[in-house]
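Peer 1: Attaching a single structure in C-alpha coordinates format; questions to follow.
The values are calculated or read from the model by the stated rules, or taken from the named source; none is laboratory data. Worth saying up front: this structure is predicted, and the values here are computed from it rather than measured. Methodologically, a virtual Cβ is constructed for each residue, glycine included, from the backbone with ideal geometry; neighbour enumeration extends over all protein chains shown. Note: areas computed on protein heavy atoms with side chains; ligands, DNA, RNA excluded. Shrake-Rupley method; radii C 1.70, N 1.55, O 1.52, S 1.80 Å.
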Amino acid sequence: MLNETFDTLILGAGAAGMMCASHAAARGGRVLIVDHAKSPGEKIRISGGGRCNFTNIGTSARNFLSKNPHFAKSALGRYTQHDFITLVEKYGISYHEKTLGQLFCDNSAKDIIQMLLDEMARHGSEMRLNTRVAEVQQNGSGFSVVLEGDGAARIQCRNLVVATGGKSIPKMGASGLGYQLASQFGVAVTETRPALVPLTFGEDMLAGFREIAGVSAPARISCGKTSFEEALLFTHRGLSGPAILQISSYWRETQPIRVTFLPGTDIAGALCASKRTHGKRSIATAIGEILPKRLASYLAELHKWTGAMGETSDRKLGEIASILQGWEVYPIGSEGYRTAEVTLGGVDTDGLDSRTMESKAVKGLFFIGEVVDVTGWLGGYNFQWAWSSGWAAGTAI
Ligand code: FDA
(Lines give C-alpha, C1' and ligand atoms only; values in the text may rest on other atoms or scores of the structure.)
Protein backbone atom coordinates (compact mmCIF):
# COMPACT_ATOMS: atom_id res chain seq x y z
CA MET A 1 0.00 0.00 0.00
CA LEU A 2 1.16 3.50 -0.88
CA ASN A 3 2.47 5.46 2.14
CA GLU A 4 1.88 9.22 2.01
CA THR A 5 2.36 12.10 4.41
CA PHE A 6 0.07 15.11 4.80
CA ASP A 7 -0.04 17.84 7.43
CA THR A 8 -3.81 17.59 7.64
CA LEU A 9 -6.29 14.89 6.66
CA ILE A 10 -9.95 15.91 6.63
CA LEU A 11 -12.60 13.18 6.70
CA GLY A 12 -15.77 14.32 4.89
CA ALA A 13 -15.98 16.68 1.90
CA GLY A 14 -19.19 18.36 3.03
CA ALA A 15 -19.79 21.97 4.00
CA ALA A 16 -17.55 22.05 7.07
CA GLY A 17 -14.79 19.85 5.62
CA MET A 18 -14.39 21.87 2.43
CA MET A 19 -14.38 25.16 4.34
CA CYS A 20 -11.71 23.79 6.66
CA ALA A 21 -9.63 22.39 3.76
CA SER A 22 -9.24 25.72 1.98
CA HIS A 23 -8.28 27.58 5.16
CA ALA A 24 -5.87 24.87 6.35
CA ALA A 25 -4.23 24.79 2.91
CA ALA A 26 -4.07 28.61 2.82
CA ARG A 27 -1.79 28.42 5.85
CA GLY A 28 0.72 26.47 3.80
CA GLY A 29 0.29 22.90 5.00
CA ARG A 30 -0.28 19.90 2.75
CA VAL A 31 -3.98 19.08 3.04
CA LEU A 32 -5.99 16.07 1.85
CA ILE A 33 -9.79 15.84 2.09
CA VAL A 34 -11.50 12.49 1.48
CA ASP A 35 -15.10 11.36 1.13
CA HIS A 36 -16.72 8.00 0.49
CA ALA A 37 -19.29 9.66 -1.80
CA LYS A 38 -18.62 10.12 -5.50
CA SER A 39 -19.28 13.88 -5.36
CA PRO A 40 -18.45 16.49 -2.73
CA GLY A 41 -21.07 18.55 -0.88
CA GLU A 42 -24.08 16.39 -1.66
CA LYS A 43 -26.17 17.91 1.14
CA ILE A 44 -25.33 21.40 -0.09
CA ARG A 45 -26.57 20.36 -3.53
CA ILE A 46 -30.01 19.27 -2.30
CA SER A 47 -30.37 21.96 0.37
CA GLY A 48 -32.95 24.70 0.22
CA GLY A 49 -34.83 22.98 -2.59
CA GLY A 50 -31.66 23.11 -4.75
CA ARG A 51 -30.96 26.78 -3.96
CA CYS A 52 -29.08 26.33 -0.63
CA ASN A 53 -30.13 28.51 2.26
CA PHE A 54 -26.44 29.16 2.88
CA THR A 55 -26.69 31.43 5.92
CA ASN A 56 -29.01 33.62 7.95
CA ILE A 57 -28.42 37.35 8.31
CA GLY A 58 -29.48 37.22 11.97
CA THR A 59 -27.27 34.31 13.06
CA SER A 60 -26.20 34.33 16.70
CA ALA A 61 -25.57 31.62 19.28
CA ARG A 62 -29.23 31.99 20.33
CA ASN A 63 -30.25 30.10 17.20
CA PHE A 64 -28.49 26.89 18.24
CA LEU A 65 -29.14 24.01 20.62
CA SER A 66 -26.25 22.47 22.52
CA LYS A 67 -25.56 21.09 25.99
CA ASN A 68 -23.33 24.17 26.31
CA PRO A 69 -25.19 27.09 24.68
CA HIS A 70 -22.04 29.28 24.92
CA PHE A 71 -19.77 26.92 22.97
CA ALA A 72 -20.69 28.14 19.47
CA LYS A 73 -20.17 31.84 20.33
CA SER A 74 -16.44 31.95 19.62
CA ALA A 75 -16.49 30.42 16.12
CA LEU A 76 -19.72 32.17 15.10
CA GLY A 77 -18.32 35.48 16.36
CA ARG A 78 -14.98 35.18 14.59
CA TYR A 79 -16.24 33.86 11.22
CA THR A 80 -19.66 35.42 10.85
CA GLN A 81 -22.49 35.24 8.35
CA HIS A 82 -21.15 38.54 6.95
CA ASP A 83 -17.76 36.93 6.26
CA PHE A 84 -19.46 34.14 4.32
CA ILE A 85 -21.66 36.62 2.44
CA THR A 86 -18.48 38.53 1.47
CA LEU A 87 -17.04 35.28 0.05
CA VAL A 88 -20.25 34.56 -1.87
CA GLU A 89 -20.20 38.10 -3.30
CA LYS A 90 -16.51 37.79 -4.22
CA TYR A 91 -17.48 34.84 -6.41
CA GLY A 92 -20.30 36.85 -7.99
CA ILE A 93 -22.97 34.43 -6.76
CA SER A 94 -26.29 36.25 -6.74
CA TYR A 95 -28.62 35.61 -3.84
CA HIS A 96 -31.80 36.83 -2.21
CA GLU A 97 -33.41 36.96 1.21
CA LYS A 98 -36.47 34.73 1.21
CA THR A 99 -37.90 35.31 4.66
CA LEU A 100 -36.72 35.73 8.27
CA GLY A 101 -33.15 36.58 7.21
CA GLN A 102 -32.70 33.38 5.18
CA LEU A 103 -30.31 33.83 2.24
CA PHE A 104 -30.67 31.58 -0.83
CA CYS A 105 -28.77 31.38 -4.13
CA ASP A 106 -30.72 32.91 -7.02
CA ASN A 107 -29.43 30.24 -9.36
CA SER A 108 -28.31 26.96 -7.81
CA ALA A 109 -26.76 25.39 -4.72
CA LYS A 110 -24.09 24.08 -7.09
CA ASP A 111 -22.67 27.63 -7.17
CA ILE A 112 -21.77 27.27 -3.47
CA ILE A 113 -20.16 23.85 -4.04
CA GLN A 114 -18.13 25.23 -6.96
CA MET A 115 -17.03 28.20 -4.86
CA LEU A 116 -15.76 25.86 -2.10
CA LEU A 117 -13.99 23.65 -4.68
CA ASP A 118 -12.38 26.73 -6.27
CA GLU A 119 -11.22 27.95 -2.85
CA MET A 120 -9.69 24.52 -2.11
CA ALA A 121 -7.98 24.37 -5.51
CA ARG A 122 -6.70 27.96 -5.15
CA HIS A 123 -4.92 27.05 -1.93
CA GLY A 124 -3.76 23.64 -3.13
CA SER A 125 -5.88 21.27 -1.05
CA GLU A 126 -6.09 17.77 -2.56
CA MET A 127 -9.34 15.82 -2.67
CA ARG A 128 -10.08 12.11 -3.07
CA LEU A 129 -13.62 10.85 -3.58
CA ASN A 130 -14.96 7.28 -3.52
CA THR A 131 -12.55 6.78 -0.65
CA ARG A 132 -13.42 4.97 2.56
CA VAL A 133 -11.73 5.17 5.94
CA ALA A 134 -10.74 1.64 7.00
CA GLU A 135 -8.63 2.30 10.07
CA VAL A 136 -7.41 5.22 12.19
CA GLN A 137 -4.57 4.86 14.72
CA GLN A 138 -2.74 7.44 16.78
CA ASN A 139 1.06 7.27 16.78
CA GLY A 140 4.04 9.33 17.91
CA SER A 141 3.81 11.81 15.02
CA GLY A 142 0.04 12.14 14.80
CA PHE A 143 -2.29 9.70 13.10
CA SER A 144 -2.00 6.82 10.67
CA VAL A 145 -5.11 6.39 8.53
CA VAL A 146 -5.76 3.54 6.12
CA LEU A 147 -7.89 4.62 3.15
CA GLU A 148 -9.61 2.21 0.77
CA GLY A 149 -11.23 2.73 -2.63
CA ASP A 150 -10.13 5.18 -5.34
CA GLY A 151 -7.82 7.06 -2.97
CA ALA A 152 -6.37 3.96 -1.25
CA ALA A 153 -3.24 4.73 0.76
CA ARG A 154 -1.80 4.71 4.25
CA ILE A 155 -1.75 8.37 5.27
CA GLN A 156 0.43 9.77 8.03
CA CYS A 157 -0.87 13.15 9.25
CA ARG A 158 -0.26 15.56 12.10
CA ASN A 159 -3.85 16.81 12.18
CA LEU A 160 -6.97 14.73 11.68
CA VAL A 161 -10.21 16.66 11.16
CA VAL A 162 -13.49 14.78 11.52
CA ALA A 163 -16.13 16.47 9.33
CA THR A 164 -18.33 13.48 8.57
CA GLY A 165 -21.63 15.19 9.46
CA GLY A 166 -24.59 13.72 11.30
CA LYS A 167 -26.82 10.70 10.82
CA SER A 168 -29.58 12.26 8.75
CA ILE A 169 -30.44 10.94 5.28
CA PRO A 170 -28.27 7.77 5.36
CA LYS A 171 -28.85 7.18 1.66
CA MET A 172 -26.91 10.39 0.95
CA GLY A 173 -23.75 9.17 2.65
CA ALA A 174 -24.41 9.85 6.35
CA SER A 175 -22.51 7.38 8.50
CA GLY A 176 -21.67 6.99 12.15
CA LEU A 177 -17.93 7.34 11.52
CA GLY A 178 -17.53 10.62 13.40
CA TYR A 179 -19.16 9.25 16.54
CA GLN A 180 -17.14 6.02 16.27
CA LEU A 181 -13.89 7.98 16.05
CA ALA A 182 -14.93 10.11 19.03
CA SER A 183 -15.51 7.01 21.12
CA GLN A 184 -12.28 5.39 19.85
CA PHE A 185 -10.35 8.42 21.14
CA GLY A 186 -12.31 8.75 24.39
CA VAL A 187 -14.16 11.91 23.36
CA ALA A 188 -17.69 11.89 24.82
CA VAL A 189 -20.77 12.01 22.58
CA THR A 190 -24.11 13.35 23.86
CA GLU A 191 -27.36 11.58 23.04
CA THR A 192 -28.25 12.00 19.37
CA ARG A 193 -31.73 12.22 17.83
CA PRO A 194 -33.28 13.34 14.55
CA ALA A 195 -34.08 17.07 14.44
CA LEU A 196 -35.73 19.48 12.00
CA VAL A 197 -37.99 16.57 11.18
CA PRO A 198 -41.75 16.08 10.60
CA LEU A 199 -43.70 14.72 13.57
CA THR A 200 -45.87 11.61 13.31
CA PHE A 201 -49.23 10.83 14.92
CA GLY A 202 -51.32 7.85 15.96
CA GLU A 203 -54.13 6.49 13.81
CA ASP A 204 -56.74 8.42 15.87
CA MET A 205 -55.39 11.75 14.52
CA LEU A 206 -53.98 10.51 11.23
CA ALA A 207 -57.32 9.59 9.70
CA GLY A 208 -58.28 13.27 9.82
CA PHE A 209 -54.85 14.61 8.85
CA ARG A 210 -54.89 12.44 5.72
CA GLU A 211 -58.12 14.09 4.59
CA ILE A 212 -56.46 17.50 4.69
CA ALA A 213 -52.96 16.45 3.60
CA GLY A 214 -51.35 19.32 1.71
CA VAL A 215 -53.22 22.05 3.61
CA SER A 216 -51.00 24.62 5.30
CA ALA A 217 -51.78 27.52 7.63
CA PRO A 218 -49.85 30.16 9.54
CA ALA A 219 -49.46 29.10 13.16
CA ARG A 220 -47.45 29.45 16.31
CA ILE A 221 -46.27 26.03 17.48
CA SER A 222 -45.16 25.74 21.08
CA CYS A 223 -43.57 23.04 23.18
CA GLY A 224 -42.89 23.97 26.78
CA LYS A 225 -41.52 27.52 26.75
CA THR A 226 -40.31 27.43 23.13
CA SER A 227 -42.44 28.67 20.21
CA PHE A 228 -42.00 29.25 16.51
CA GLU A 229 -44.31 31.22 14.22
CA GLU A 230 -44.19 29.89 10.68
CA ALA A 231 -46.32 27.70 8.43
CA LEU A 232 -47.84 24.41 9.63
CA LEU A 233 -48.44 21.68 7.03
CA PHE A 234 -50.72 18.62 7.32
CA THR A 235 -49.36 15.48 5.66
CA HIS A 236 -50.32 11.80 5.26
CA ARG A 237 -47.93 10.93 8.09
CA GLY A 238 -48.63 13.78 10.49
CA LEU A 239 -47.51 17.39 10.75
CA SER A 240 -44.71 19.16 8.91
CA GLY A 241 -43.88 22.65 7.63
CA PRO A 242 -41.23 25.00 9.00
CA ALA A 243 -42.94 25.58 12.37
CA ILE A 244 -43.11 21.84 13.06
CA LEU A 245 -39.53 21.19 11.90
CA GLN A 246 -38.36 23.93 14.26
CA ILE A 247 -40.27 22.61 17.28
CA SER A 248 -39.16 19.01 16.58
CA SER A 249 -35.72 19.92 17.95
CA TYR A 250 -37.31 20.76 21.31
CA TRP A 251 -40.13 18.16 21.49
CA ARG A 252 -39.65 14.94 23.48
CA GLU A 253 -41.80 11.79 23.52
CA THR A 254 -45.07 12.05 25.54
CA GLN A 255 -45.09 15.89 25.40
CA PRO A 256 -47.93 17.72 23.67
CA ILE A 257 -47.37 20.49 21.16
CA ARG A 258 -49.68 23.48 21.16
CA VAL A 259 -50.98 24.92 17.90
CA THR A 260 -52.09 28.55 17.78
CA PHE A 261 -53.71 29.26 14.43
CA LEU A 262 -53.47 32.86 13.21
CA PRO A 263 -51.33 34.08 16.12
CA GLY A 264 -52.00 37.72 16.95
CA THR A 265 -55.46 37.63 15.35
CA ASP A 266 -58.58 38.21 17.47
CA ILE A 267 -60.42 35.08 16.26
CA ALA A 268 -63.18 35.44 18.89
CA GLY A 269 -63.86 39.00 17.67
CA ALA A 270 -63.83 37.89 14.03
CA LEU A 271 -66.32 35.05 14.71
CA CYS A 272 -68.68 37.28 16.72
CA ALA A 273 -68.63 39.88 13.91
CA SER A 274 -69.32 37.14 11.36
CA LYS A 275 -72.28 35.90 13.44
CA ARG A 276 -73.87 39.33 13.28
CA THR A 277 -73.49 39.73 9.52
CA HIS A 278 -73.96 36.10 8.41
CA GLY A 279 -76.11 34.37 11.04
CA LYS A 280 -77.16 31.54 8.72
CA ARG A 281 -73.64 30.39 8.00
CA SER A 282 -72.39 27.17 9.58
CA ILE A 283 -69.56 27.46 12.09
CA ALA A 284 -67.28 25.60 9.66
CA THR A 285 -68.04 28.11 6.90
CA ALA A 286 -67.35 31.04 9.23
CA ILE A 287 -64.01 29.55 10.32
CA GLY A 288 -63.31 28.87 6.63
CA GLU A 289 -63.31 32.65 6.09
CA ILE A 290 -60.15 33.00 8.18
CA LEU A 291 -58.48 29.57 7.83
CA PRO A 292 -58.23 27.24 4.80
CA LYS A 293 -61.71 25.81 4.15
CA ARG A 294 -60.67 22.15 4.34
CA LEU A 295 -58.93 22.78 7.64
CA ALA A 296 -61.99 24.62 8.98
CA SER A 297 -64.28 21.69 8.05
CA TYR A 298 -61.88 19.19 9.61
CA LEU A 299 -61.62 21.16 12.87
CA ALA A 300 -65.40 21.70 13.06
CA GLU A 301 -66.02 17.98 12.55
CA LEU A 302 -63.31 16.97 15.04
CA HIS A 303 -64.71 19.23 17.75
CA LYS A 304 -68.36 18.70 16.79
CA TRP A 305 -68.99 22.39 16.14
CA THR A 306 -72.36 22.06 14.44
CA GLY A 307 -75.23 24.48 13.86
CA ALA A 308 -75.54 27.95 12.42
CA MET A 309 -73.55 30.92 13.67
CA GLY A 310 -76.76 32.79 14.58
CA GLU A 311 -77.69 30.00 17.01
CA THR A 312 -74.26 29.92 18.65
CA SER A 313 -73.69 32.01 21.77
CA ASP A 314 -70.82 34.50 21.90
CA ARG A 315 -69.49 32.47 24.83
CA LYS A 316 -69.36 29.33 22.69
CA LEU A 317 -67.63 31.30 19.89
CA GLY A 318 -65.09 32.43 22.50
CA GLU A 319 -64.49 28.77 23.42
CA ILE A 320 -64.03 27.85 19.76
CA ALA A 321 -61.52 30.69 19.36
CA SER A 322 -59.63 29.43 22.44
CA ILE A 323 -59.35 25.96 20.91
CA LEU A 324 -58.21 27.40 17.56
CA GLN A 325 -55.53 29.32 19.42
CA GLY A 326 -54.55 26.61 21.89
CA TRP A 327 -55.05 23.22 20.22
CA GLU A 328 -52.97 20.56 22.00
CA VAL A 329 -51.92 17.54 19.97
CA TYR A 330 -49.70 14.63 20.98
CA PRO A 331 -47.15 13.44 18.40
CA ILE A 332 -46.10 9.81 18.82
CA GLY A 333 -42.70 10.21 17.17
CA SER A 334 -40.87 11.68 14.20
CA GLU A 335 -40.09 10.54 10.68
CA GLY A 336 -36.56 9.81 11.93
CA TYR A 337 -33.20 10.16 10.19
CA ARG A 338 -34.75 9.20 6.84
CA THR A 339 -36.08 12.76 6.44
CA ALA A 340 -34.49 14.73 9.31
CA GLU A 341 -32.45 17.72 8.13
CA VAL A 342 -30.00 17.44 11.00
CA THR A 343 -28.87 15.42 14.01
CA LEU A 344 -29.37 16.89 17.45
CA GLY A 345 -26.51 16.16 19.88
CA GLY A 346 -23.13 14.77 18.91
CA VAL A 347 -19.53 15.18 20.00
CA ASP A 348 -19.68 16.69 23.48
CA THR A 349 -18.44 20.26 23.40
CA ASP A 350 -16.95 19.79 26.89
CA GLY A 351 -14.17 17.83 25.19
CA LEU A 352 -13.42 20.48 22.53
CA ASP A 353 -11.66 23.85 22.53
CA SER A 354 -14.30 26.34 21.34
CA ARG A 355 -11.70 28.51 19.53
CA THR A 356 -10.13 25.71 17.49
CA MET A 357 -12.53 22.69 17.63
CA GLU A 358 -9.51 20.60 18.71
CA SER A 359 -10.02 17.81 21.22
CA LYS A 360 -8.74 18.89 24.62
CA ALA A 361 -7.43 15.39 25.30
CA VAL A 362 -6.10 14.31 21.89
CA LYS A 363 -3.76 16.82 20.28
CA GLY A 364 -4.27 17.17 16.53
CA LEU A 365 -7.78 15.69 16.51
CA PHE A 366 -10.52 18.13 15.46
CA PHE A 367 -14.32 17.81 15.12
CA ILE A 368 -16.28 20.31 13.01
CA GLY A 369 -19.76 20.81 11.58
CA GLU A 370 -22.81 18.74 12.33
CA VAL A 371 -20.96 15.90 14.07
CA VAL A 372 -20.49 18.30 17.00
CA ASP A 373 -23.26 18.86 19.57
CA VAL A 374 -24.24 22.21 18.04
CA THR A 375 -27.53 22.16 16.13
CA GLY A 376 -29.06 25.17 14.45
CA TRP A 377 -32.64 26.16 13.85
CA LEU A 378 -34.08 25.85 10.38
CA GLY A 379 -33.10 28.82 8.21
CA GLY A 380 -29.44 28.67 7.15
CA TYR A 381 -28.02 28.39 10.67
CA ASN A 382 -26.64 24.87 10.22
CA PHE A 383 -24.58 25.84 7.22
CA GLN A 384 -23.30 28.90 9.07
CA TRP A 385 -22.14 26.58 11.85
CA ALA A 386 -20.39 24.40 9.24
CA TRP A 387 -18.62 27.46 7.77
CA SER A 388 -17.70 28.96 11.17
CA SER A 389 -16.47 25.74 12.78
CA GLY A 390 -14.64 24.72 9.58
CA TRP A 391 -12.93 28.11 9.51
CA ALA A 392 -12.05 27.89 13.23
CA ALA A 393 -10.28 24.54 12.78
CA GLY A 394 -8.73 25.43 9.40
CA THR A 395 -7.16 28.63 10.67
CA ALA A 396 -5.93 26.97 13.88
CA ILE A 397 -4.06 24.20 12.07
P1 FDA B 1 -22.21 17.10 5.63
O2 FDA B 1 -23.26 16.08 5.85
O3 FDA B 1 -22.47 18.25 4.75
O4 FDA B 1 -20.87 16.40 5.09
C5 FDA B 1 -20.36 15.22 5.64
C6 FDA B 1 -19.59 14.51 4.56
O7 FDA B 1 -18.93 13.39 5.16
C8 FDA B 1 -20.47 13.96 3.45
O9 FDA B 1 -19.97 14.38 2.22
C10 FDA B 1 -20.39 12.45 3.63
O11 FDA B 1 -20.44 11.74 2.41
C12 FDA B 1 -19.03 12.29 4.30
N13 FDA B 1 -18.91 11.07 5.09
C14 FDA B 1 -19.77 10.61 6.03
N15 FDA B 1 -19.34 9.45 6.51
C16 FDA B 1 -18.17 9.16 5.88
C17 FDA B 1 -17.27 8.08 5.95
N18 FDA B 1 -17.50 7.04 6.75
N19 FDA B 1 -16.18 8.11 5.15
C20 FDA B 1 -15.97 9.15 4.30
N21 FDA B 1 -16.79 10.20 4.19
C22 FDA B 1 -17.89 10.21 4.98
N23 FDA B 1 -28.80 23.63 6.43
C24 FDA B 1 -28.87 24.94 6.18
O25 FDA B 1 -28.23 25.73 6.88
N26 FDA B 1 -29.61 25.40 5.12
C27 FDA B 1 -30.33 24.59 4.30
O28 FDA B 1 -30.94 25.04 3.31
C29 FDA B 1 -30.32 23.20 4.61
N30 FDA B 1 -31.08 22.33 3.87
C31 FDA B 1 -31.00 20.99 4.12
C32 FDA B 1 -31.77 20.11 3.35
C33 FDA B 1 -31.69 18.74 3.58
C34 FDA B 1 -32.56 17.81 2.78
C35 FDA B 1 -30.81 18.25 4.59
C36 FDA B 1 -30.68 16.77 4.84
C37 FDA B 1 -30.06 19.12 5.35
C38 FDA B 1 -30.14 20.50 5.14
N39 FDA B 1 -29.41 21.40 5.91
C40 FDA B 1 -29.49 22.74 5.66
C41 FDA B 1 -28.46 20.93 6.95
C42 FDA B 1 -27.04 20.95 6.36
O43 FDA B 1 -27.03 20.24 5.14
C44 FDA B 1 -26.03 20.30 7.33
O45 FDA B 1 -26.15 20.88 8.61
C46 FDA B 1 -24.60 20.50 6.81
O47 FDA B 1 -24.49 19.88 5.54
C48 FDA B 1 -23.59 19.92 7.78
O49 FDA B 1 -22.32 20.06 7.21
P50 FDA B 1 -21.18 18.99 7.54
O51 FDA B 1 -20.03 19.33 6.65
O52 FDA B 1 -20.97 18.90 8.99
O53 FDA B 1 -21.80 17.59 7.09
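Peer 1: Any idea how far apart Lys110 and Lys363 come out in nm if each label point goes 7 Å out from Cα toward Cβ?
Peer 2: Here the answer is 4.5 nm between the modelled labels.
Peer 1: Take the Cα radius of gyration of the chain and divide it by 2.2 N^0.38 Å, with N its residue count; two decimals is plenty.
Peer 2: After normalising by residue count via 2.2 N^0.38 Å, the value is 1.15.
Peer 1: Let me ask another. Find the Cα radius of gyration of the stretch 260-313, compare it with 2.2 N^0.38 Å by division, and give the number to two decimals.
Peer 2: On the way: Rg = 10.4 Å, N = 54, 2.2 N^0.38 = 10.0 Å.
Expressed relative to 2.2 N^0.38 Å, the Cα Rg reads 1.04.
Peer 1: Give me the extension gain from His82 to Glu191: residue separation times 0.36 nm, minus the current Cα-Cα distance, reported in nm with one decimal.
Peer 2: Going from the current span to full extension adds 36.0 nm.
Peer 1: While we're here: Tell me, in nm to one decimal, what length is gained between Thr226 and Arg154 on full extension, where the rule is 0.36 nm per residue of separation less the Cα-Cα distance?
Peer 2: Stretched out fully, the Thr226 to Arg154 stretch lengthens by 21.1 nm.
Peer 1: Obtain the nm distance between the two label points defined at Arg252 and Glu211 by a simple spin-label model: each point lies 7 Å from its Cα along the Cα-to-C-beta direction.
Peer 2: 3.5
Peer 1: Given the chain, what percent of its DSSP beta bridges are antiparallel, to the nearest 5?
Peer 2: Of the beta bridges lying entirely in the chain, close to 70 percent run antiparallel.
Peer 1: Let me ask you something else. What net charge do the residues around Ala109 carry, taking every other residue with its C-beta under 9 Å from that of Ala109, with Lys and Arg at +1 and Asp and Glu at -1?
Peer 2: So the surrounding residues net to +2.
Peer 1: Sort Asp106, Asp348 by accessible area with a 1.4 Å probe, largest first.
Peer 2: Details: Asp106 65, Asp348 15 Å².
Of Asp106, Asp348, the descending order of accessible area is Asp106, Asp348.
Peer 1: Can you work out the accessible area per residue across the chain, with the rest of the protein chains kept in place, probe 1.4 Å, in square angstrom?
Peer 2: Working: 16570 Å² over 397 residues.
Ligands and nucleic acids excluded, the result is 42 Å² per residue.
Peer 1: Nearest 0.05, what FRET efficiency do Lys38 and Ser141 give at R0 = 45 Å with Cβ-Cβ as r?
Peer 2: Using R0 = 45 Å, I get an efficiency of 0.90.
Peer 1: How much of His36 can a 1.4 Å solvent probe reach, expressed as accessible area in Å² and rounded to 10?
Peer 2: Spelled out: His36, probe radius 1.4 Å, area about 80 Å².
Peer 1: Now for a different question. Could you work out the local net charge near Arg132, counting Lys and Arg as +1, Asp and Glu as -1, over the other residues with Cβ closer than 11 Å to its Cβ?
Peer 2: Values: positive: Arg128; negative: Asp35, Glu135, Glu148, Asp150.
That sum, taken over residues with Cβ under 11 Å, equals -3.
Peer 1: While we're on this one: Give me log10 I(q)/I(0) at q = 0.12, 0.16, 0.24 Å⁻¹ for the stretch 281-381, Debye formula, one equal scatterer per alpha-carbon, no solvent.
Peer 2: Debye output, listed in q order: -0.63, -0.79, -1.19.
Peer 1: What distance in nm separates the simple spin-label points at Asp204 and Lys73, each placed 7 Å from Cα in the Cβ direction?
Peer 2: In this crude label model, Asp204 to Lys73 measures out at 4.5 nm.
Peer 1: Taking 0.36 nm per residue of sequence separation and subtracting the Cα-Cα distance, how much length would be gained by fully extending the chain between Ala134 and Arg276, in nm to one decimal?
Peer 2: 43.7 nm
Peer 1: Something else about it: To the nearest 0.05, how large is the calculated FRET efficiency for Thr99 and Leu302 if R₀ is 25 Å and r is the Cβ-Cβ distance?
Peer 2: 0.25
Peer 1: In whole Å, how far is the Cα centre of the stretch 316-346 from that of the stretch 25-89?
Peer 2: 29
Peer 1: Continuing with the same structure: What is the percent carbon and sulfur in the accessible area of the chain, measuring with a 1.4 Å probe over the protein chains and ignoring ligands? Let's see the in-between values first.
Peer 2: On the way: 8310 of 16570 Å².
Carbon and sulfur together cover 50 percent of it.
Peer 1: Which whole-number percent gives the relative contact order of the chain, counting Cα pairs below 8 Å spaced six or more residues apart?
Peer 2: Numbers: 921 pairs, mean separation 98.8, N = 397.
Normalised by residue count, the contact order of the chain is 25 percent.
Peer 1: Per residue of the chain, what 222 nm ellipticity follows from adding -39500 (n - 2.57) for every DSSP H run with n ≥ 4, rounded to the nearest 500?
Peer 2: On the way: 13 runs with 124 residues, N = 397.
Theoretical 222 nm ellipticity from helices: -9000 deg cm²/dmol.
Peer 1: Consider just the alpha-carbon atoms of the stretch 127-260 and return their Rg together with their Dmax, both in angstrom.
Peer 2: For the stretch 127-260, the Cα radius of gyration and maximum Cα-Cα distance read 21.3, 64 Å.
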